[in-house]
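For reference, the structure is listed below as structure tokens.
The values are calculated or read from the model by the stated rules, or taken from the named source; none is laboratory data. Since the model is a prediction, treat every value here as computed from it, not as a measurement. Every residue, glycine as well, gets a Cβ built from its backbone with ideal geometry; the counts of neighbours run over all protein chains shown. Just so you know, the surface numbers come from the protein's heavy atoms only, side chains and all, with ligands and any DNA or RNA stripped out. Shrake-Rupley method; radii C 1.70, N 1.55, O 1.52, S 1.80 Å.
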Amino acid sequence: MEDGLFESRAARIGEIEALGYKAFGKRFDFTHTIPDILLDFSAKAAEELVPETRVRIAGRIQTVRRMGKAAFMHLQQNGGRLQLYVKKDAVPERDYALFNLLDIGDIIGADGYLFRTRTGELSLHVEALEFLSKTLLAMPEKFHGLEDVETRYRQRYLDLISNPEVRDVFVTRAKVISSVRRQLEERGFIEVETPMMQPVYGGAAARPFVTHHNTLDIDLYLRIAPELYLKRLIVGGLERVYEINRNFRNEGVSTRHNPEFTMVEFYQAYTDYKGLMDLTETMLRTIAIDATGSAIVKYGDVDLDFGNIRRMTMREAVIEFWDGEGAPSTEQIRNPEWLQTASGKACAGEALAHLFEIHAEKKLIQPTIIYEFPVEVSPLANNNADDPTMVDRFEIIIAGMEIGNAYTELNNPIEQRKRFDGQLDMRAKGDDEAHQMDEDYLRAMAYGMPPTGGEGLGIDRIVMLMTNNQSIRDVILFPLLRPEGEIGMASRLRRLSDR
RNA sequence: GGGCGCGUAGCUCAACUGGCAGAGCAACUGACUCUUAAUCAGUAGGUUGUAGGUUCGAUUCCUACCGCGCUCACCA
């Protein structure tokens, strides 16, 4: 079958090697990265580049403009791009022959000196070329880049090559994670790793992925949360622990949900949910500053203000944001019968949580802490001292999304056993996301758990906010997609070898 | 899972009411020693996602399927 561009590029492998270069090259020790050069020399005028500033650089060819016996091209590396000027009588004959074989997308090295062109662009006057790696496939169009969303997710490498802003998203993601880690470390938290494969899953309400260990012949669940293991460590005296890692939930995919997603969970002995509110406000503000340079972050058409976080109870939020007629009074919102009638839910706690979700959550755009949650939807949180139907828990909601969830941990094993039994009842009634009984967790608690506050923050969603992305897939390098059909790459490459 | 939308050259996009499938970039040949979405002249490149159907004739209309997006449900 005809495969013109692919075969003509493959043929150049032989031509490049005939000149004495390696088509899939070797180690190349550069003196500067391209971003270094841009940083160090962008501000310097043409005359300041003399005496000659000699550099040795490497990168991928992004554009080529050939003009007879001279040419300009742009080389990109680490998100920076530098123009190269190649003149026939300034490079060895062999290197000029190589230059004539170069394709957009090839990876090369270059030696030369920095100068400014007539139009003032900082450029490298090339004196020697080295070949480092051949591209066989055509790059996306230079002006629009790669737009097709499916291809961008499936071939993220190509997305990263042709869309520089995508690289910036993942650089910001790294800054967010680094900020979280640094802030927790500064406060004496230690990073731990707990099982991703768990014989009993818990710590959240979700359906799990199931896998199987052959030798032990047991089913294991990919964790839906690390919570119960982290609290075992609190029992063990690791009084400030955190873990940044993936959770897996076997549920719907949407612009806010990926089956595997990244959470930071942290637990601090001797504090409570109020202490965590203060910590959360500081952490989120600092993340925003570390990631974007400001506590005010543009998201869609709003400016999110991480410097000023409102706090309100779930009941207050339902009343304030009630849609249409019939907003409850402060008495009605505490009345189980009213709640059940208004929501159609069987128990008062689920009813309140449901009303909150349908009336209030989407409208909470500015960072808001919602506290006092119903006990029925919070099997691991400690009771509120004044209201037995409520627990000391809060969520942080931003742009209508749940970003974090925290509570004073339930540390009474007698109460915890009752809560587990309540969850088992819900499971028996068909709620397959109700919490499982975890006897070893009860046993740990029976040894005595200090009063503790614990919290989880959704890293992916925070990155969405910091990078102004509306879809979680744009902040996950390789979001889950159905496997694609036949690609045919192996057979194309096989035909090259068979010739 | 439901609803709506999309799928055309390697990439970005056209193609009126059903009437010969086109352009730019990339590629190839040629000109050009400061260009930058380089320019100029020319060439080649298509199973219109897949399989059926309607029709003299289908990229266009219909059905099913595949993939993706948005949205609702679901997801504390």
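Hey, does segment A:202-213 have a residue that's open to solvent by 50 Å² or more (accessible area, probe 1.4 Å), touching a His at 6+ places or on another chain (Cβ under 8 Å) and not in a loop (DSSP other than H, G, I, E, B)? Within segment A:202-213 (the criterion being open to solvent by 50 Å² or more (accessible area, probe 1.4 Å), touching a His at 6+ places or on another chain (Cβ under 8 Å) and not in a loop (DSSP other than H, G, I, E, B)), the answer is no, since none of the residues qualifies. The set of residues in segment A:230-257 being within 16 Å of RNA strand B (Cβ to nearest atom), within 13 Å of residue A:192 (Cβ to Cβ) and touching a helix residue (DSSP H, G or I) at 6+ places or on another chain (Cβ under 9 Å) consists of A:231, A:243. Would you tally the residues in segment A:422-437 being open to solvent by less than 50 Å² (accessible area, probe 1.4 Å) and assigned to a helix (DSSP H, G or I)? Count: 3.
Results for (1) more than 23 Å from residue A:99 (Cβ to Cβ); (2) without any contact (Cβ under 8 Å) to a residue 24 or more places away in the chain; (3) assigned to a loop (DSSP other than H, G, I, E, B); (4) open to solvent by 60 Å² or more (accessible area, probe 1.4 Å), shown as yes or no for each residue.
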| position | (1), (2), (3), (4) |
| --- | --- |
| A:7 | no, no, no, no |
| A:20 | no, no, yes, no |
| A:28 | no, no, yes, no |
| A:31 | no, no, yes, yes |
| A:40 | yes, yes, no, yes |
| A:52 | no, no, yes, yes |
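Summed over segment A:339-362, the residues that are open to solvent by 50 Å² or more (accessible area, probe 1.4 Å) and either assigned to a helix (DSSP H, G or I) or touching a Gly at 6+ places or on another chain (Cβ under 6 Å) (or both) give a count of 7.
Among the residues of segment A:385-419, which ones are assigned to a strand (DSSP E or B) and open to solvent by less than 10 Å² (accessible area, probe 1.4 Å)? If the condition is that a residue be assigned to a strand (DSSP E or B) and open to solvent by less than 10 Å² (accessible area, probe 1.4 Å), then A:390, A:391, A:394, A:396, A:397, A:398, A:401, A:403, A:404, A:406, A:409 are the ones that fit.
Listed here are the residues, each with its yes/no results for (1) touching a Gly at 6+ places or on another chain (Cβ under 7 Å); (2) open to solvent by 40 Å² or more (accessible area, probe 1.4 Å); (3) farther than 21 Å from residue A:252 by Cβ.
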position	(1), (2), (3)
A:383	no, yes, yes
A:439	no, yes, yes
A:442	no, no, yes
A:451	no, yes, yes
A:456	yes, no, no
A:463	no, no, no
A:475	no, no, no
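The set of residues in segment A:91-112 that are more than 14 Å from residue A:21 (Cα to Cα) and either touching a helix residue (DSSP H, G or I) at 6+ places or on another chain (Cβ under 9 Å) or open to solvent by 50 Å² or more (accessible area, probe 1.4 Å) (or both) comprises A:91, A:103, A:104, A:105, A:112.
Cβ-Cβ distances below 6 Å connect the following pairs, each with a first residue in segment A:56-81 that is within 18 Å of residue A:157 (Cβ to Cβ), a second residue that is near RNA strand B (Cβ under 6 Å from one of its atoms), and a separation of six or more residues or different chains: A:61/A:104. Total residues in segment A:164-190 satisfying the condition of being assigned to a helix (DSSP H, G or I) and open to solvent by less than 70 Å² (accessible area, probe 1.4 Å): the figure is 14. Which one is nearest to RNA strand B (Cβ to nearest atom) among residues in segment A:113-163 that are closer than 28 Å to residue A:29 by Cβ, open to solvent by 40 Å² or more (accessible area, probe 1.4 Å) and of a type in the set (Ser, Thr, Tyr)? Among those residues, the one meeting the criterion is A:113.
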